[in-house]
Amino acid sequence: MQEKPIGIFDSGIGGLTVLKEIAKLLPNENLMYLGDTARVPYGIRSAETVIKYSLECASFLFKKEIKMLVVACNTSSSVSLEILREKLPVPVIGVIEPGVRAALKVTKNGKIGIIGTEATIQSEAYPKKIKTLKPDTEVISKACPLFVPLVEEGILEGSIAELVVEKYLKDLKHSGIDTLILGCTHYPLLKKTIQKYMEGIRLVDSAQEIALEVKNLLIHQELINKSSEHGLKTFYVTDSPERFKKIGEIFLNYEINNIFKVSLEEEK
């Protein structure tokens with residue numbers, strides 16, 4: 001059981017931010033990544049559709065005998081996490097709570113901004129979690145639907161990225177927040193451009209916090225891989241493996257091998 005892989009899924013390439021941090025913290029773990037690139041973005045879908053897609057992704061990875069599932073997608077985490085926990089007999093970790101805890105740790109004035117997809121913002125998953133942990137926190141949310149397509153196209157810096165960032169973040173910049181949660185795993189790829197515009201505001205990328213949570217849970221459940229070998233990374237995509245490889249390698253800074261195109265419909 002200890003040598004079985006950790007499964008990670010996202011709607012596209014953004015979840016690689018989470019895989020990167022888990023691999024850094026737990027280099028001996030075998031990691032299995034599924035990017036549902038044929039149906040990205042999830043953030044514009046209805047909750048019913050997101051739940052359906054999330055169950056299909058989880059089912060695919062579970063059949064590969066994973067020991068834990070990391071839902072590296074804020075949209076999926078915000079609407080389908082509890083359903084996935086009910087359905088799967090392995091631990092399931094989402095991205096919302098680790099990000100919230102990180103933001104509450106660093107804010108000085110108690111004013112936190114959240115950016116995410118339309119579905120994540122509409123779910124109010126972040127404000128609800130923040131208010132549960134610290135009720136007097138002021139929360140301002142903003143949907144940024146064009147950020148995911150920008151990342152998926154590899155447009156991370158330059159005039160186009162800067163114009164889109166300004167369009168969405170103009171009001172947040174002058175709202176008095178001192179902390180901004182990047183509420184989508186795609187958004188850290190735009191971190192440089194966002195930080196340049198949101199000068200002086202602390203950006204929270206929950207990937208590091210998620211990796212810590214994964215490690216703690218593995219230790220608690222005695223599931224840590226004790227092998228001294230470096231873990232194997234396997235990647236599955238539902239469309240365009242060449243594009244996934246090209247953009248993924250820019251972000252991960254190493255060559256991605258073991259990429260396989262799969263159909264989730266055929267797996268049923």
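The values are calculated or read from the model by the stated rules, or taken from the named source; none is laboratory data. Given the structure is predicted, the values throughout are model-derived calculations rather than measurements. Heads up, the Cβs are rebuilt from the backbone with ideal geometry, glycines too, and the neighbour counts pull from every protein chain shown.
Of the residues in region 116-132, not one is surrounded by fewer than 15 Cβ atoms within 10 Å (Cβ to Cβ) and touching a residue at least 24 places away in the same chain (Cβ under 8 Å). Looking at L146, is it free of Cβ contacts under 8 Å to residues at least 24 places away in the same chain and either outside the structural domain of V262 (by TED's automatic domain parsing) or surrounded by fewer than 20 Cβ atoms within 10 Å (Cβ to Cβ) (or both)? Judged against the criteria, L146 is a match.
Mind checking whether some residue in region 218-230 is surrounded by 12 or more Cβ atoms within 10 Å (Cβ to Cβ), free of Cβ contacts under 8 Å to residues at least 40 places away in the same chain and not hydrophobic (A, V, I, L, M, F, W, C)? Among the residues of region 218-230, not one is surrounded by 12 or more Cβ atoms within 10 Å (Cβ to Cβ), free of Cβ contacts under 8 Å to residues at least 40 places away in the same chain and not hydrophobic (A, V, I, L, M, F, W, C), which makes the answer no.
For every residue, the table says whether it meets (1) buried (at least 22 other Cβ atoms within 10 Å of the Cβ); (2) within 23 Å of T234 (Cα to Cα); (3) small (G, A, S); (4) at pLDDT below 95.
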{"residue": "K63", "(1), (2), (3), (4)": "no, yes, no, no"}
{"residue": "V95", "(1), (2), (3), (4)": "yes, yes, no, yes"}
{"residue": "R101", "(1), (2), (3), (4)": "no, no, no, yes"}
{"residue": "G113", "(1), (2), (3), (4)": "yes, no, yes, no"}
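Screening region 1-103 for strands (runs of 3 or more DSSP E) wholly inside it with 3 or more residues that are under 17 Å from L217 (Cα atoms) returns the ranges 6-10, 68-71. Within this structure, F260 passes the test of being surrounded by fewer than 15 Cβ atoms within 10 Å (Cβ to Cβ) and of a type outside the set (S, T, Y). In summary, E124 fulfils each of the numbered conditions (1) at pLDDT 95 or above; (2) closer than 30 Å to H220 by Cβ with the single exception of condition (1).
Among the residues of region 186-244, which ones are modelled with pLDDT of 95 or more, assigned by TED's automatic domain parsing to the domain that holds A103 and touching a Phe, Trp or Tyr at 6+ places or on another chain (Cβ under 8 Å)? Within region 186-244, just I194 meets the criteria. Identification of strands (runs of 3 or more DSSP E) wholly contained in region 170-239 with 1 or more residues that are of a type in the set (S, T, N, Q) yields 179-182, 233-237.
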